[in-house]
1. Taking the chain as a Gaussian network, where each spring joins two C-alpha atoms under 10 Å apart, which residue of VAL345, VAL194, VAL35 fluctuates the most?
2. For the chain, which whole percent of the accessible surface, found with a 1.4 angstrom probe, sits on carbon and sulfur atoms?
3. Relative to the longest principal Cα axis of the chain, at what angle does helix 54-67 sit, 0 to 90 degrees, rounded to 10?
4. Tell me the mean residue ellipticity at 222 nm calculated for the chain from its helices only (DSSP H runs of n ≥ 4, each -39500 (n - 2.57), averaged over every residue, nearest 500).
5. Among ASP38, ASP189, ASP99, which one shows the biggest mean-square fluctuation in a GNM of the chain, springs joining Cα atoms closer than 10 Å?
6. Express in Å², to the nearest 10, the accessible area of CYS69 obtained by rolling a 1.4 Å probe over the protein heavy atoms while all chains stay in place.
7. Please sort by residue number the trypsin sites (Lys or Arg not before Pro) in region 126-159 whose DSSP state is loop and whose Cβ has at most 10 other Cβ atoms within 10 Å.
8. Just to be sure I understand the model, the point goes 7 Å from the Cα along the line to the Cβ. What's the resulting ASP38 to ILE54 distance in nm?
Amino acid sequence: MSVPISLGMPTVKEAPPVLAPRRPTRKIRVGSVAVGGDAPVSVQSMTTTKTHDIGATLQQIAELVTAGCDIVRVACPTDKDAEALPIIARKSTIPVIADIHFQPKYVFAAIEAGCGAVRVNPGNIRRFDDQVKQIARAASDAGVSIRIGVNAGSLDKRLLEKYGRATPEALVESAVWEASLFEEHGFHDFKISVKHNDPVVMVQAYQMLSERGDWPLHLGVTEAGPAFQGTIKSATAFGALLSQGIGDTIRVSLSAPPVEEVKVGNQILESLNLRPRTLEIVSCPSCGRAQVDVYALAEAVTAGLEGMDVPLRVAVMGCVVNGPGEAREADLGVASGNGKGQIFVKGEVIATVPEDQIVETLIAEANRIAATMEPVAGAPVVTVS
């Protein structure tokens, strides 16, 4: 009697492995979103619109929500922007953080407007330390949290004189000092960021800061650059820190549309198993063994499945060396060669099709499988009309 050999996917669903457990931090709230503690790592971005243009700002927030943004920050440099905050905070479907620089009066305006949080930059708000008591009281009364945002480009002049430049030690000293002022007044609902444009300095600063207290930490490489460079720098820095369990919320800062920041941020978290994976395309790198145009094949499949919100793993392989194995291990896959492709579903070959039918076959099978699966909780909702 022969024993059947299963080539399918495992039937027991185990929790995906992570590189390190999250370091314990206190939990705060940014509006409806929990940050720190056992809350998932959240993804943030910032609008590029003039905040006083309420329609344009709300439209961009809606686009960010569709891309999977959890929290959004808006600039508040003028009186007109401050006056727009109540409407934006009320109509946004995700918590709004007001970004405040230079003028402390806007901190109080943002709190009164009902924003989920206020980001303050101690290095460039005049007489900030003298107003911490009043800010703490107003924020506490309103249930609004604070982000202490220390930035290499706007570090307190006293610390620049002491350290000569924005070193990790200088960034951390600034953050710890400001944290102590809020805690001195009994206010603990804040998170901290210590941003730098150099990923190495940034990583060192967050490592030091994580040893000094249990504050929730917002990760960011500031002024990271254009899309390609900024993605690499952010992924490198975030990967280094998140792999050590450091980080409670992230923002990928790119010189690109903010939706791209959200896409990159979500992909970083998915790659580290810190956010449930949605669609994942596994495809061959450049290789002389490939017998089909893997680049074009992978791009066409990716475009055809854009917006899919189920945890589907699709392997697009171009040769007989790793192709069958990778295709078999995926939910759906193709092992291509000699002008045709073997289509695998859950480890079993269901069809062999000509090369020019591979893309349409994969897309059809992917949609058929997706119809039987539950969307990932928290995944962006994409409506196709």
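The values are calculated or read from the model by the stated rules, or taken from the named source; none is laboratory data. These numbers were taken from a predicted model, which means no experiment stands behind them. Every residue, glycine as well, gets a Cβ built from its backbone with ideal geometry; the counts of neighbours run over all protein chains shown. Each accessible area value is taken on the protein alone, full model and side chains, heavy atoms only, with ligands, DNA and RNA left out. Shrake-Rupley method; radii C 1.70, N 1.55, O 1.52, S 1.80 Å.
1. Taking springs between Cα atoms under 10 Å, the residue moving most is VAL345.
2. Working: 9800 of 18200 Å².
Of all accessible area on the chain, carbon and sulfur atoms account for 54 percent.
3. 40
4. On the way: 12 runs with 146 residues, N = 385.
My calculation for the chain gives -12000 deg cm²/dmol from helical runs alone.
5. Result for the chain, Cα springs under 10 Å: ASP38 fluctuates most.
6. Estimated to the nearest 10 Å², CYS69 gives 10 Å².
7. Values: sites: ARG126, ARG127, LYS133, ARG137, ARG147, LYS157, ARG158; in loops: ARG126, ARG127.
Those that pass, being in a loop and sparsely packed, are ARG126, ARG127.
8. The answer from the label model is 4.0 nm.
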